[in-house]
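Scroll down for the structure; my scribbles are underneath it.
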Amino acid sequence: MNRLAFKLEKRLNPSPAMIAIVPLISVLLALLLGAIFLSLTGQNPLAVYATMFGEALGSKYGFTETLVKAIPLMLSALGISIAFKMQLWNIGAEGQLYMGALAATWLPLTYPNLPAYLMLPGMAMLAMAAGGIWGLIAAIPKAIWKVDEIITTLMLNYVAILWVDYLVYGPWKDPKGFNFPFTAQFPGAARLPGLGDSRVNAGLVLAVLLAILLAVVFKYSRWGYELKVIGASEQSARYAGMHIKKKILVVLFLSGAISGLAGMTEVSGIVGRLQHGISPGYGYTAIIVAWLSKLNPLAIVLVSILFGALQVGGYAVQVVGVPAAVASMLQGAILFFVLGGEVLTNYRIRRAQRGEK
Amino acid sequence: MKEPLISLQGIVKKFPGVLANDHVNMELYPGEIHAVLGENGSGKSTLMSILAGLYRPDLGKIMVSGVEQKFRSPRDAIFYGIGMVHQHFKLVEPFSVAENITLGEKDSFLLSKEKLKTKIHELGEKYGLKINPDAKIWQLSVGEKQRVEIVRMLYRGSKVLVLDEPTAVLTPQEAQELFNNLRRLASANCAVVLITHKLNEVQEIADRVTVLRQGKVAGVLEKNQITAQEMVRLMVGREVALNYERKPSSAGRVVLDLEKVTALNDLGIPSLRECSLRVREGEIFGLAGVSGNGQRELAEVIAGLRRIESGKVSLDSQEISHRSPREIIDLGVSYVPEDRLGMGLVPQLNTMENLILKNYHQPEYSGRWLLKPKVIQKHAEVLVDQYQVKLASLHQPVKSLSGGNLQKLLLAREISGAPKLMVVIYPARGLDIGATEAVHKLLLELKSRKTAILLISEDLDEILKLADRVGVIFNGQLNGEFPIEQTNLEEVGLLMMGSRSVEERIDDNEPACL
């Protein structure tokens with residue numbers, strides 16, 4: 001009677017094949033699930049997907065737009081991955097991005113006549129400092145009183161968003177902007193140069209270089225080794241003489257600083273001004289990106305492009321009458337299947353033998 | 001011949017990658033004390049878990065009084081009269097003894113308190129297990145808690161009592177009392193199963209021994225065949241030295257000097273109280289004591305992991321009282337903590353990463369920024385080979401290693417730094433005979449290289465085998481100290497229970513037992 005029973009058996013070691021295969025299968029399953037929903041609403045799923053990916057990856061315009069969306073995702077996810085490596089759950093990338101955008105904006109608004117070689121590095125530094133300080137605000141109570149950083153970083157997101165809103169609706173509002181909630185247009189010196197004639201900006205180069213740097217830091221550096229030990233066991237880290245408190249401060253500062261840089265590339269590279277709702281939730285999507293990439297910086301680059309494509313594809317399918325929310329649905333489904341699929345990396349499924357229970 | 005109470009026939013249990021029990025047969029007769037002996041991983045815990053209904057066997061039968069029964073849960077096992085006393089007690093601390101005894105009984109609240117107390121009292125009288133039913137568990141000593149566990153099983157009608165390493169947490173005196181009680185239980189026609197790897201206990205109390213090796217029964221010895229040599233031969237499959245060749249210590253200068261050190265435990269209560277202690281170059285100072293008397297705090301104070309409130313710690317006449325853990329590591333202090341996997345080693349990291357845990361910052365293993373992967377790998381290869389750590393791959397997370405291999409790995413790292421002072425706490429806890437021998441030999445070899453060693457242990461045999469001087473820690477203070485030649489087991493046992501300050505014990509710690 002047990003002939004058809006299956007058994008989950010713990011693997012002695014996680015299967016390396018599964019670590020690679022699970023994310024791929026998860027994407028396919030998510031598309032399949034999406035297809036079921038699409039056909040239930042009377043759409044032809046193949047046609048919808050063809051439009052989505054044909055637009056997002058197939059056309060030159062679509063692909064550059066995909067990259068445009070991928071830049072802030074990459075930067076924020078890279079920032080998040082540093083904190084997550086140490087098991088510091090920084091979910092405040094969104095707020096850190098907003099603060100970065102805010103600080104970067106201050107420079108061209110206050111000194112509009114600076115030359116580009118001072119303006120751009122200045123904006124980047126300010127953005128990183130502001131994002132970093134936003135991370136530090138959560139890090140200090142964490143280091144001293146063990147205050148849960150999940151709560152503090154999350155709440156600081158709203159504070160940051162409200163600060164930006166206050167400024168763009170109030171003191172920084174463009175006097176010639178017909179009362180729209182945005183600042184004045186930045187001078188040319190404050191705009192990140194684009195790649196070719198597209199909207200893709202130099203932020204992409206920055207993000208890819210940073211990913212390579214982080215990959216090396218995580219794998220080969222003393223600093224990355226400490227990160228890994230503290231993340232795995234605080235007890236052991238203390239025993240080995242590592243300074244945990246200092247590390248919490250530094251890590252959350254860096255994590256926030258990189259997300260802050262994402263804010264700078266948005267205002268300087270894409271929009272050219274600070275405005276209400278500067279990020280449509282990049283900081284949150286980046287958490288999913290970092291997690292799907294298993295905190296591997298090079299994987300983050302690829303997964304960010306995939307998620308960028310989903311977003312652009314989402315806009316594209318509106319033309320054929322499908323809501324853009326289909327992109328968010330697919331993102332959610334991918335995460336769902338990846339988390340579920342993790343069982344397979346740690347367990348194997350075996351047919352139970354007869355008589356075995 | 002009498003009919004067996006329980007008979008296990010051809011028990012097979014597989015786990016992924018291991019055959020834990022391979023056609024094991026065992027019979028338990030009423031009135032016998034039956035020891036189950038085996039190294040770690042020999043399958044004794046698995047076998048007992050099957051007997052107690054925690055696991056179901058893949059193949060084989062459990063016969064209760066000659067009838068085959070299937071145990072679907074521990075409840076079934078209890079129903080058929082099998083009671084298990086685990087090493088870690090399953091008691092609810094704030095509850096009273098009586099409440100704990102009826103815990104989990106579905107209809108217990110119908111039973112009147114008076115009847116229950118009479119029953120507990122009766123059981124106590126019959127088997128000599130006297131216990132106050134109104135005492136709260138947290139008020140009891142470890143020995144008394146164990147007694148509650150036993151009474152609980154008897155109360156539920158257990159005829160077969162399985163005890164998992166019952167003496168691991170007891171002082172010699174408490175252990176002796178336990179054995180007397182077990183004797184009485186056996187003479188009342190119960191069967192007692194004792195899981196252990198302490199040979200002297202088996203010799204002292206067991207009527208029969210089943211020795212397991214690699215999941216199979218290696219042999220069954222009757223009372224008159226039980227000798228330490230024979231048991232070890234069956235367990236390990238080869239001869240093992242029961243005593244080490246001891247070289248007289250050439251104790252030199254004082255390396256570690258603690259002067260009236262006071263420190264708090266994690267709850268903020270003083271657990272080292274003006275403790276003074278000295279360890280010399282080239283000697284093993286064995287510190288005996290029941291755990292929880294300040295041992296862990298002492299070790300952490302020396303390693304710089306715990307702040308001291310007053311007093312002074314010196315290493316080679318240099319004060320290290322307020323140095324950071326890293327400075328103390330770099331001054332040549334090694335520390336093997338009791339919590340191997342969680343403090344001493346990082347479970348998720350691999351062997352190479354674990355072997356550089358304490359010296360990754362030294363120029364040998366890293367530059368200003370980057371680690372030196374080739375040097376690190378070479379270092380790991382050499383140590384794994386030299387210390388005979390068995391592992392599948394250097395890249396595998398260490399959490400999959402056995403206890404003995406973890407301890408070897410940990411010692412390899414701590415010894416390879418050629419320390420001036422080595423603090424080891426419970427080094428052989430949970431290790432089997434083979435691994436224990438290996439660990440002890442490493443410590444003796446380290447001693448011959450002039451390292452001062454502070455050996456903190458609860459196992460008096462271990463201390464007597466290794467130490468040159470013996471001290472006893474009780475209630476955060478050194479309660480007696482002798483050279484090994486003058487050490488008397490009886491006296492050390494009494495000191496471990498604080499006999500020198502009897503008045504004090506009555507004051508702040510009135511025994512809860514009647």
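Across the stretch B:376-385, which residue is surrounded by the most Cβ atoms within 10 Å (Cβ to Cβ) among those that are of a type outside the set (S, T, N, Q) and under 17 Å from B:GLU364 (Cβ atoms)? That would be B:ALA380.
Checking each residue in the stretch B:167-210 for being out of contact with any Ser or Thr (no Cβ under 8 Å at 6 or more places or on another chain) and among the β-branched types (Val, Ile, Thr) picks out B:THR171, B:VAL192, B:VAL193, B:ILE205, B:VAL209, B:THR210.
The condition of being basic (Lys, Arg) and not assigned by TED's automatic domain parsing to the domain that holds B:LEU170 holds for only one of B:ARG208, B:ARG306, B:ARG213, that being B:ARG306.
Any residue that is more than 30 Å from A:ILE151 (Cβ to Cβ) and either surrounded by 17 or more Cβ atoms within 10 Å (Cβ to Cβ) or in contact with a Gly (Cβ under 9 Å, 6 or more places away or on another chain) (or both) - is there at least one of those in the stretch A:67-83? Yes, there is a match, as at least one residue in the stretch A:67-83 is more than 30 Å from A:ILE151 (Cβ to Cβ) and either surrounded by 17 or more Cβ atoms within 10 Å (Cβ to Cβ) or in contact with a Gly (Cβ under 9 Å, 6 or more places away or on another chain) (or both). Scanning the stretch B:334-363 for residues that are more than 11 Å from chain A (Cβ to nearest Cβ) and in contact with a Pro (Cβ under 8 Å, 6 or more places away or on another chain) returns a single hit, B:SER334. For A:VAL250, the criteria (1) within 14 Å of chain B (Cβ to nearest Cβ); (2) closer than 21 Å to A:PRO141 by Cβ hold in every case but one, which is (1). For the stretch A:222-261, filtering for residues that are among the hydroxyl-bearing types (Ser, Thr, Tyr) and within 21 Å of A:VAL301 (Cα to Cα) leaves 2. Identify all residues within the stretch B:30-73 that are part of a loop (DSSP other than H, G, I, E, B) and closer than 24 Å to B:ASP432 by Cβ; write none if there are none. Result: B:GLU39, B:ASN40, B:GLY41, B:SER42, B:GLY43, B:ALA52, B:LEU54, B:TYR55, B:PRO57. Contact map, the stretch B:281-305: residues that are touching a residue at least 60 places away in the same chain (Cβ under 8 Å) paired with residues that are of a type in the set (Asp, Glu) and in a helix (DSSP H, G or I), Cβ distance under 9 Å, separation 6+ or inter-chain. Pairs shown: B:GLY286/B:GLU462.
Every condition in (1) within 18 Å of the chain's Cα centre (by Cα); (2) surrounded by fewer than 17 Cβ atoms within 10 Å (Cβ to Cβ) holds for B:ALA418 except the one numbered (1).
If I filter the stretch B:280-291 for residues that are within 14 Å of another protein chain (Cβ to nearest Cβ) and in a loop (DSSP other than H, G, I, E, B), do I get at least one hit? Taking every residue of the stretch B:280-291 in turn, none turns out to be within 14 Å of another protein chain (Cβ to nearest Cβ) and in a loop (DSSP other than H, G, I, E, B).
Taking first residues from the stretch B:367-384 that are away from chain A (no Cβ under 14 Å) and over 14 Å from B:ALA412 (Cβ atoms) and partners that are loosely packed, with under 13 Cβ neighbours inside 10 Å and among the hydroxyl-bearing types (Ser, Thr, Tyr), no Cβ contact under 8 Å between residues at least 6 apart in sequence or on separate chains turns up.
Screening the candidates B:SER276, B:SER271, B:SER314 for the property of being surrounded by fewer than 16 Cβ atoms within 10 Å (Cβ to Cβ), part of a strand (DSSP E or B) and either of a type in the set (Ser, Thr, Tyr) or at pLDDT 95 or above (or both) yields one hit, B:SER276. Within the stretch B:155-200, the set of residues being over 15 Å from B:ASP461 (Cβ atoms), modelled with pLDDT under 90 and under 16 Å from the mean Cα position of the chain (by Cα) comprises B:ASP164, B:PRO166, B:VAL169, B:GLU174, B:ILE195. So for the stretch B:138-151 (the condition being farther than 30 Å from B:PRO94 by Cβ and out of contact with any helix residue (DSSP H, G or I) (no Cβ under 6 Å at 6 or more places or on another chain)), does at least one residue qualify? No, that holds for no residue. Of the residues making up the stretch B:74-100, those that are part of a loop (DSSP other than H, G, I, E, B) and farther than 22 Å from B:LYS136 by Cα are B:TYR80, B:GLY81.
Here is a yes/no grid of residues against (1) buried (at least 19 other Cβ atoms within 10 Å of the Cβ); (2) out of contact with any Gly (no Cβ under 8 Å at 6 or more places or on another chain); (3) within 14 Å of another protein chain (Cβ to nearest Cβ):
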{"residue": "A:LEU204", "(1), (2), (3)": "yes, yes, no"}
{"residue": "A:LEU209", "(1), (2), (3)": "no, yes, no"}
{"residue": "A:LEU214", "(1), (2), (3)": "yes, yes, yes"}
{"residue": "A:LYS219", "(1), (2), (3)": "no, yes, yes"}
{"residue": "A:GLU226", "(1), (2), (3)": "yes, yes, yes"}
{"residue": "A:SER236", "(1), (2), (3)": "yes, no, yes"}
{"residue": "A:TYR239", "(1), (2), (3)": "yes, no, yes"}
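Only one of (1) in a loop (DSSP other than H, G, I, E, B); (2) out of contact with any strand residue (DSSP E or B) (no Cβ under 7 Å at 6 or more places or on another chain) fails for B:GLN229. Which number is that? Only one criterion in (1) in a loop (DSSP other than H, G, I, E, B); (2) out of contact with any strand residue (DSSP E or B) (no Cβ under 7 Å at 6 or more places or on another chain) is unmet by B:GLN229, namely (1). When the test is whether a residue is more than 29 Å from B:ASP207 (Cα to Cα) and polar (S, T, N, Q), B:SER96 passes it. Residues that are under 12 Å from the mean Cα position of the chain (by Cα), of a type in the set (Lys, Arg) and at positive phi number at least 2 in none of the helices (runs of 4 or more DSSP H) confined to the stretch A:266-357.
Here B:ILE433 clears all of (1) touching a His at 6+ places or on another chain (Cβ under 9 Å); (2) modelled with pLDDT of 90 or more; (3) among the aliphatic types (A, V, I, L, M) except the condition numbered (2). For the stretch B:302-331, how many residues are over 17 Å from B:GLY344 (Cβ atoms) and of a type in the set (A, V, I, L, M)? Counting residues in the stretch B:302-331 that are over 17 Å from B:GLY344 (Cβ atoms) and of a type in the set (A, V, I, L, M) gives 5.
How many residues, within the stretch B:317-328, are surrounded by 13 or more Cβ atoms within 10 Å (Cβ to Cβ) and either more than 11 Å from every other protein chain (Cβ to nearest Cβ) or in contact (Cβ under 8 Å) with a residue 60 or more places away in the chain (or both)? Final tally of qualifying residues: 2. In the condition set (1) surrounded by fewer than 17 Cβ atoms within 10 Å (Cβ to Cβ); (2) in contact with a strand residue (DSSP E or B) (Cβ under 6 Å, 6 or more places away or on another chain); (3) not basic (Lys, Arg), B:GLN388 is compliant with all but (2).
Within the stretch B:22-40, the set of residues being crowded, with 19+ Cβ neighbours inside 10 Å and either within 22 Å of B:VAL232 (Cβ to Cβ) or within 14 Å of another protein chain (Cβ to nearest Cβ) (or both) comprises B:VAL24, B:MET26, B:ILE33, B:HIS34, B:ALA35, B:VAL36, B:LEU37, B:GLY38, B:GLU39. Beta carbons closer than 9 Å, at least 6 apart along the sequence or on distinct chains, pair a first residue in the stretch B:485-496 that is outside the structural domain of B:THR171 (by TED's automatic domain parsing) and part of a helix (DSSP H, G or I) with a second that is among the charged types (D, E, K, R) and crowded, with 19+ Cβ neighbours inside 10 Å for B:MET496/B:GLU458.
The values are calculated or read from the model by the stated rules, or taken from the named source; none is laboratory data. Fair warning: this is a prediction, and the values are worked out from it, not measured in the lab. For neighbour counting, all protein chains shown are included, and Cβ atoms are generated from backbone atoms with ideal geometry for every residue, glycine included.
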